[in-house]
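Throughout, read-outs are computed from the coordinates displayed, never taken from laboratory work. If you're wondering where the values come from, they're calculated on a predicted model, not measured in any experiment. No Cβ is skipped: glycine too gets one built from the backbone with ideal geometry, and neighbour counts run over all protein chains shown.
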Amino acid sequence: MAETNKFTAEVRNVFGKGASRRLRRSNRLPAIIYGGDEAPVSISLEYIPVFTAQQSQAFYSAPIVLTIDGKEVTVKPVAIQRHPVNGALIHIDFMRA
């Protein structure tokens, strides 16, 4: 069975291009969680652990557990945006599993 990735996320209250750029400069990755019966939630994750994990196939095939305000949410990545030149992660869309 594939290994489960676990990350701690923070809810984002500031949106837009400028806010996302500030997040990236502070080594955070903007993301969103949608699907299921709940409303979409904008979050941010630590960049380095996510970038390292996404280099393995398990990131795309195994469930990912995000801890948000003490609550665990199981998700799977749906869309990953990357920088066109250097391949850095820019944004991830997660869907609730």
**OP:** Among residues belonging to the stretch 2-32 that are β-branched (Val, Ile, Thr) and in a loop (DSSP other than H, G, I, E, B), point out the one that is farthest from Gln81 (Cα to Cα).
**Re:** Thr4
Original post:
Give me the pairs: first residue in the stretch 34-62 and closer than 21 Å to Leu23 by Cβ, second residue among the small types (Gly, Ala, Ser), beta-carbon distance under 7 Å, and six or more apart or on different chains, which are they?
Top reply: Ile43/Ala9; Ile43/Ala31; Ser44/Ala9; Ser44/Ala31; Leu45/Ala9; Leu45/Ala31; Phe59/Ala53
Subject >> Any chance Arg96 is surrounded by 12 or more Cβ atoms within 10 Å (Cβ to Cβ) and touching a Gly at 6+ places or on another chain (Cβ under 6 Å) >> reply: yes
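When the residues of the stretch 33-50 are filtered to those that are touching a Leu at 6+ places or on another chain (Cβ under 6 Å) and outside any strand (DSSP E or B), which remaining residue is surrounded by the most Cβ atoms within 10 Å (Cβ to Cβ)?
Initially, the stretch 33-50 is screened for residues touching a Leu at 6+ places or on another chain (Cβ under 6 Å), giving 44-45, 47, 50.
This time we only want the ones that are outside any strand (DSSP E or B), so: 47, 50.
Details: Tyr47: 16, Val50: 21.
Ranking the candidates gives Val50 first.
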Original post:
Got at least one residue in the stretch 55-72 being loosely packed, with under 13 Cβ neighbours inside 10 Å and touching a Leu at 6+ places or on another chain (Cβ under 9 Å)?
Top reply: yes
